[in-house]
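I have placed the structure first, in the form of structure tokens, so that the comments after it can refer back to it.
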Amino acid sequence: MQLAAGGAALGDVPDHAPDHAPDHAGPAQARAQRARGRIELAFGARGLQRLAQSGCARALMPRVHGGDPLAVVINTAGGLTGGDRFGVSVTLGAGARLVLSTQAAERLYRSAGGRAEIRNAAVLGAQAALNWLPQETILFQRAAMARRLSVDMAADARFVGLETLVLGRRAMGEEVTRAAICDHWRIRRAGRLVHAEALRLDGDIGALAGRRALLDGARALAVLVVVAPDAEPMLDKARALLPTDTVRAAASAWDGRLVVRWMAPDLQPLKGALARFLDGFPGVAVPRVWQM
């Protein structure tokens, strides 16, 4: 997904976002304490092998009966703002399986200077399977964020990744007219880059969201990417699960991957559409920690 504001040409964006927020602060604000959080998880075919966590990042492994192991990521800081740093690293050995989600939505608050940086990574061994299914990221007025997800997977591994972005919640009276967000995915299979995803929203978000060729009035959007040996044959099943109401969606498949995109006027109809899709799609289900 590639979007740019201010009349800039559509296309890939650089690997770094500007080091300034949409709104600058004075010296006193610039010295504010910043949140830092990091989680490192390693799983083998028999379960958890290693867990390291620091700062405001915590991971819980609730007991799951009749399903794949579940890791729940928690940000004890309650959200992110300019200058904060957060990241999750997952390593799955041969045959390991894991569902990763978050305890709640991630909130990106107004930045007083700089950007929040999120660096996530996953390494999948032979026949490993990772369902990366966090809850939504909510963008607040004048937020600034740079996020990257890097996945390196074996040729016969399976990766399902979902990200949901909300430009303020209508029911809460939230409006986002200015913000800066840069979001990148890089997925490599057997060492070869097979999927690159780039989203950039910067500047006058209110004007950008209204453009028909871009968000066309949508305030909530999501993308799901499946990279697996059986991804392409699942296209018909994926299309049969797409909504027919106010949520717009489309699916395509090629080169060993399946990509589905949704756009909606607000979070609630989008999340309902995502839940119905995940519950009907083979090998995936709505994580029990999701708040519906």
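See the values below:
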read-out	value
Pick from segment 152-181, criterion of a type in the set (Asp, Glu) and modelled with pLDDT of 95 or more, ranking: surrounded by the most Cβ atoms within 10 Å (Cβ to Cβ)	163
Some residue of segment 199-208 being within 19 Å of residue 141 (Cα to Cα) and without any contact (Cβ under 8 Å) to a residue 60 or more places away in the chain	yes
Verdict on residue 274 being under 28 Å from residue 170 (Cα atoms), touching a Lys or Arg at 6+ places or on another chain (Cβ under 6 Å), surrounded by 14 or more Cβ atoms within 10 Å (Cβ to Cβ) and touching a residue at least 24 places away in the same chain (Cβ under 8 Å)	no
Whichever residue in segment 261-281 is at pLDDT below 95 and in a loop (DSSP other than H, G, I, E, B) and, among such residues, is farthest from the chain's Cα centre (by Cα)	265
Residues satisfying the stated conditions in segment 241-263, i.e. of a type outside the set (Val, Ile, Thr) and without any contact (Cβ under 8 Å) to a residue 24 or more places away in the chain	250, 251, 252, 253, 254
Criterion (closer than 30 Å to residue 40 by Cβ, among the aliphatic types (A, V, I, L, M), touching a helix residue (DSSP H, G or I) at 6+ places or on another chain (Cβ under 6 Å) and in contact (Cβ under 8 Å) with a residue 24 or more places away in the chain) met by exactly one of 176, 166, 225, 123	166
Segment 116-147, residues that are of a type in the set (D, E, K, R) and over 17 Å from the mean Cα position of the chain (by Cα)	142
Any pair with Cβ under 6 angstrom, 6 or more apart, that starts in segment 38-54 at a residue that is at pLDDT 95 or above and ends at one that is not in a strand (DSSP E or B)	43/96; 44/93; 44/96
Some residue of segment 242-250 being of a type in the set (S, T, N, Q), modelled with pLDDT under 95, out of contact with any helix residue (DSSP H, G or I) (no Cβ under 8 Å at 6 or more places or on another chain) and closer than 18 Å to residue 135 by Cα	no
Qualifying residue in segment 108-119 (condition: of a type in the set (A, V, I, L, M, F, W, C), touching a Lys or Arg at 6+ places or on another chain (Cβ under 7 Å) and within 23 Å of residue 262 (Cβ to Cβ))	yes
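Condition check ((1) of a type outside the set (S, T, N, Q); (2) surrounded by 18 or more Cβ atoms within 10 Å (Cβ to Cβ); (3) over 23 Å from residue 201 (Cβ atoms); (4) in contact (Cβ under 8 Å) with a residue 40 or more places away in the chain) across all residues:
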position: 66; (1), (2), (3), (4): yes, no, yes, no
position: 86; (1), (2), (3), (4): yes, yes, no, yes
position: 91; (1), (2), (3), (4): no, yes, yes, yes
position: 119; (1), (2), (3), (4): yes, no, no, no
position: 129; (1), (2), (3), (4): yes, yes, yes, yes
position: 142; (1), (2), (3), (4): yes, yes, no, yes
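The values are calculated or read from the model by the stated rules, or taken from the named source; none is laboratory data. The structure displayed is predicted, hence computed values, not measured ones. Cβ: placed from backbone, ideal geometry, glycine included. Neighbour counts: every protein chain shown.
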